[in-house]
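**Student:** The structure that follows is given in the form of structure tokens.
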């Protein structure tokens, strides 16, 4: 019997991580992939990135519209209500045997909740991590408790999922899909990238991605302006901005990016969505990655590129030696940038160990979901650590 594996994706970054796994499921004779696109993928404001999924050779089985023209807490709550309704209807129609979810966003939480009510087993990727500055932190752990198979990106996270009461036999440290993607993707050469983005990359050049710290009230404008003020202290700096996600106050940051680029057209430009290949290709040629995105923690170290990690959004993640943590204040950001751009710091990173790297991450997940007896998965027991 063909196993129907449903994958939910709501953002450009998430799809980039899941693409390789989705392709493997699609090619497997014993499985079929079902794809639900939602949230930012369906929004013109965020680049209608569902088209990127279709260009990747996939058929989208259901589109679940949830985004409103609001990123206030009330607006996000209303979007979550729409998500619960939409996922419930989608699961009723598609009847998947297994749901694959990645990460911690609010729409991912809603998909997990709808699947739990629909008695659909869940395989969760990137559980056990900490992002203490974001409400996603609670969503991630809640998704863990609704999930049945767990694929973590580091050994520390595997232990944390078990600490949450999950059966150790259901928890697997497979490494980060983003790291594997970098090792296997054909990235653009510098000339190809420069032609593609119509911009010549001259040193020093940085890649900036900054999202709201959602557990802090009304700090997005102030914190991002502090970053922009620090950037102004470094004359001749080239800046590639990628815009914020559909989080509370994300539009505030995107408006500031537009204003800054308009005033600095010679050395700054912005993308709503670069796509996986262009984003990673840019990352390998810049001198530093700056902001508070998980890509600075997980993907950037693959290129031995320094990361300036600002504020608390990623606080709690396992970090490599290339990560420079700083406060969301101009002087702190400036000091971290100067360190990241210094030759001495870059030279010190040679031979560093990447904590998220393991071979064949996607294939490891495939081996498990292909063979797992789902009939014995849906009823969970709390695994007490005293049983160890």
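The values are calculated or read from the model by the stated rules, or taken from the named source; none is laboratory data. What you see is a predicted model, and the numbers here were worked out from it, not measured in a lab. All Cβ positions, even for glycine, are placed from backbone atoms using ideal geometry, and neighbour counts span all protein chains on display.
**Student:** Identify, please: which residue in the range 244-256 is touching a helix residue (DSSP H, G or I) at 6+ places or on another chain (Cβ under 8 Å) and free of Cβ contacts under 8 Å to residues at least 40 places away in the same chain and is, among those, surrounded by the fewest Cβ atoms within 10 Å (Cβ to Cβ)?
**Tutor:** Here the residue is 256.
**Student:** Can you find even one residue in the range 150-165 that is under 21 Å from the mean Cα position of the chain (by Cα) and part of a loop (DSSP other than H, G, I, E, B)?
**Tutor:** yes
**Student:** Can you say whether residue 365 is touching a helix residue (DSSP H, G or I) at 6+ places or on another chain (Cβ under 7 Å), surrounded by 16 or more Cβ atoms within 10 Å (Cβ to Cβ), within 24 Å of residue 104 (Cα to Cα) and assigned by TED's automatic domain parsing to the domain that holds residue 26, as far as the supplied structure shows?
**Tutor:** yes
**Student:** Follow-up. Please enumerate the residues belonging to the range 77-101 that are under 30 Å from residue 270 (Cβ atoms), surrounded by 18 or more Cβ atoms within 10 Å (Cβ to Cβ) and touching a helix residue (DSSP H, G or I) at 6+ places or on another chain (Cβ under 6 Å).
**Tutor:** Hits for the range 77-101 are 83, 101.
**Student:** Among the residues of the range 2-20, count how many are assigned to a loop (DSSP other than H, G, I, E, B) and out of contact with any strand residue (DSSP E or B) (no Cβ under 9 Å at 6 or more places or on another chain).
**Tutor:** Of the residues in the range 2-20, 1 are assigned to a loop (DSSP other than H, G, I, E, B) and out of contact with any strand residue (DSSP E or B) (no Cβ under 9 Å at 6 or more places or on another chain).
**Student:** Is it true that residue 336 is in contact with a helix residue (DSSP H, G or I) (Cβ under 9 Å, 6 or more places away or on another chain), farther than 26 Å from residue 235 by Cβ and not in a loop (DSSP other than H, G, I, E, B)?
**Tutor:** Spelling it out, it is not the case that residue 336 is in contact with a helix residue (DSSP H, G or I) (Cβ under 9 Å, 6 or more places away or on another chain), farther than 26 Å from residue 235 by Cβ and not in a loop (DSSP other than H, G, I, E, B).
**Student:** Can you tell me which residues in the range 49-70 are free of Cβ contacts under 8 Å to residues at least 24 places away in the same chain, touching a helix residue (DSSP H, G or I) at 6+ places or on another chain (Cβ under 7 Å) and surrounded by fewer than 17 Cβ atoms within 10 Å (Cβ to Cβ)?
**Tutor:** The answer is 68, and nothing else.
**Student:** Might you check whether a residue that is under 18 Å from residue 294 (Cα atoms) and touching a residue at least 12 places away in the same chain (Cβ under 8 Å) occurs anywhere in the range 189-203?
**Tutor:** no
**Student:** Pull up the range 102-148, narrow it to residues that are free of Cβ contacts under 8 Å to residues at least 60 places away in the same chain and in a strand (DSSP E or B), then point me to the one that is surrounded by the most Cβ atoms within 10 Å (Cβ to Cβ).
**Tutor:** Selected residue: 124.
**Student:** Return the residue satisfying two criteria in turn: it lies in the range 257-271 and is closer than 22 Å to residue 193 by Cα and buried (at least 19 other Cβ atoms within 10 Å of the Cβ), and of such residues it is nearest to the chain's Cα centre (by Cα).
**Tutor:** Checking each candidate, the answer is 257.
**Student:** Here's another thing I want to ask about it. Could you tell me whether the range 274-286 includes any residue that is out of contact with any helix residue (DSSP H, G or I) (no Cβ under 8 Å at 6 or more places or on another chain), over 20 Å from residue 126 (Cβ atoms) and outside the structural domain of residue 55 (by TED's automatic domain parsing)?
**Tutor:** Within the range 274-286, one or more residues are out of contact with any helix residue (DSSP H, G or I) (no Cβ under 8 Å at 6 or more places or on another chain), over 20 Å from residue 126 (Cβ atoms) and outside the structural domain of residue 55 (by TED's automatic domain parsing).
**Student:** Let me ask something additional. Which residues, taken from the range 272-299, are closer than 17 Å to residue 204 by Cβ and not in a helix (DSSP H, G or I)?
**Tutor:** 286, 287, 288, 289, 290, 291
**Student:** I'd like to know if the range 291-304 contains one or more residues that are farther than 19 Å from residue 356 by Cβ, in contact with a helix residue (DSSP H, G or I) (Cβ under 7 Å, 6 or more places away or on another chain) and either modelled with pLDDT of 95 or more or surrounded by 22 or more Cβ atoms within 10 Å (Cβ to Cβ) (or both).
**Tutor:** Checked against the condition, which is being farther than 19 Å from residue 356 by Cβ, in contact with a helix residue (DSSP H, G or I) (Cβ under 7 Å, 6 or more places away or on another chain) and either modelled with pLDDT of 95 or more or surrounded by 22 or more Cβ atoms within 10 Å (Cβ to Cβ) (or both), the range 291-304 yields no hits at all.
**Student:** If I filter the range 188-238 down to residues being in contact with a strand residue (DSSP E or B) (Cβ under 8 Å, 6 or more places away or on another chain) and either in a helix (DSSP H, G or I) or not assigned by TED's automatic domain parsing to the domain that holds residue 309 (or both), which single residue comes out as modelled with the lowest pLDDT?
**Tutor:** Here the answer is 197.
**Student:** Quick one: would you say residue 343 is under 25 Å from residue 233 (Cα atoms), more than 20 Å from the chain's Cα centre (by Cα), in the same structural domain as residue 290 (by TED's automatic domain parsing) and surrounded by 13 or more Cβ atoms within 10 Å (Cβ to Cβ)?
**Tutor:** No; evaluated as a whole, the condition is false for this residue.
**Student:** Take the conditions assigned by TED's automatic domain parsing to the domain that holds residue 283 and either touching a residue at least 12 places away in the same chain (Cβ under 8 Å) or closer than 24 Å to residue 358 by Cα (or both) and apply them to residue 155. Does it pass?
**Tutor:** Criteria not met by residue 155.
**Student:** Would you point out which residue out of 269, 241 is free of Cβ contacts under 8 Å to residues at least 60 places away in the same chain and not in a helix (DSSP H, G or I)?
**Tutor:** 241
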